[in-house]
Amino acid sequence: MGNSMEQRIIPSEHQSCRHRMICIKQWNIDYFFKLIDQDLEDFFVTDPCCKLADNYLIAMVFTYFLRASLYPEEYTTFNFFVALYLAHDMEEDEDNVKPELQAWARAAHYQNISLNSLLQHRDNLFRRMEHRGAVSRLCCDIVMRSLKPEHKVWHRQRHSNHSGAASDFNRKRDTCPKCTRNRFSQSSTSSSECSPEAVHIMKPRRTILNNGAVKKIRTESYDSMRKKMGKVKISFTVKEIQEASRGESH
């Protein structure tokens with residue numbers, strides 16, 4: 001891979017203009033987007049609302065990689081999650097997504113490390129960056145405009161409903177459409193587990209004679225469903241029959 005292309009961004013606000021500039025080489029871009037496209041696809045799919053990783057957090061991760069001067073072999077899934085965890089510590093107010101992010105990071109390590117070890121890796125990265133964890137919005141915007149601006153990862157925009165500054169009133173009034181679709185999908189899946197036909201067999205309609213005898217149990221779909229579901233046992237106690245006959249007589 002060629003190293004001819006270089007760009008300059010302003011990732012932080014140091015006194016010296018020389019220190020504000022970080023060179024981005026072509027291999028930085030290639031290795032980072034190889035990581036995004038090949039190794040993190042499942043992670044992004046499980047985060048449709050971008051609460052774990054929106055476009056600004058991902059831009060921060062790339063900036064951290066540059067500030068820490070990571071080598072090509074260090075552009076790994078685990079280091080991505082370590083940098084993302086640090087970005088959450090720096091920018092995010094909500095801590096309820098931290099356990100899920102911790103699980104992804106720990107699973108990405110070849111030894112499935114403990115939480116304490118994860119925090120140690122985060123601190124090591126922070127020291128390697130010379131404790132420059134703050135990334136301005138301007139820096140993130142420049143990263144997104146300069147590095148494959150049409151890439152789908154930069155379109156991971158978080159709905160205002162998931163903003164830490166959003167009030168409960170605004171969350172109820174302006175719901176996230178992705179959350180709505182996700183809830184609908186989950187409800188459809190759960191309802192399919194107990195179809196109306198299965199419920200019909202579990203609770204068949206009964207016609208009771210005045211003398212208390214069971215005349216007929218309507219189970220039109222019983223024979224067909226029995227082949228699919230196995231034997232279905234339907235029984236009524238004497239008490240149930242007596243109560244049903246008294247109700248029919250009234």
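In segment 133-140, is there at least one residue being without any contact (Cβ under 8 Å) to a residue 40 or more places away in the chain, assigned by TED's automatic domain parsing to the domain that holds residue 22, out of contact with any Gly (no Cβ under 7 Å at 6 or more places or on another chain) and not in a loop (DSSP other than H, G, I, E, B)? No. Screening residue 48 against (1) in a helix (DSSP H, G or I); (2) more than 24 Å from residue 114 (Cα to Cα); (3) not aromatic (Phe, Trp, Tyr) leaves a single unmet condition, (1).
Scanning segment 60-84 for residues that are of a type in the set (Phe, Trp, Tyr) and farther than 9 Å from residue 125 by Cβ, we see that the one that is nearest to the chain's Cα centre (by Cα) is 81. Against the test of being basic (Lys, Arg) and in contact with a Lys or Arg (Cβ under 7 Å, 6 or more places away or on another chain), the options 122, 67 yield a single qualifying residue, 67. Scanning segment 13-38 for residues that are surrounded by 15 or more Cβ atoms within 10 Å (Cβ to Cβ) and at pLDDT below 95, which turns out farthest from the chain's Cα centre (by Cα)? This residue is 20. When we screen 116, 112, 96, 124 for residues that are surrounded by fewer than 13 Cβ atoms within 10 Å (Cβ to Cβ) and at pLDDT 95 or above, the only hit is 124.
The values are calculated or read from the model by the stated rules, or taken from the named source; none is laboratory data. Quick caveat, the model's predicted, so the values are computed rather than measured. Positions of Cβ are generated from backbone atoms using ideal geometry, with glycine treated the same way; all protein chains shown enter the neighbour counts.
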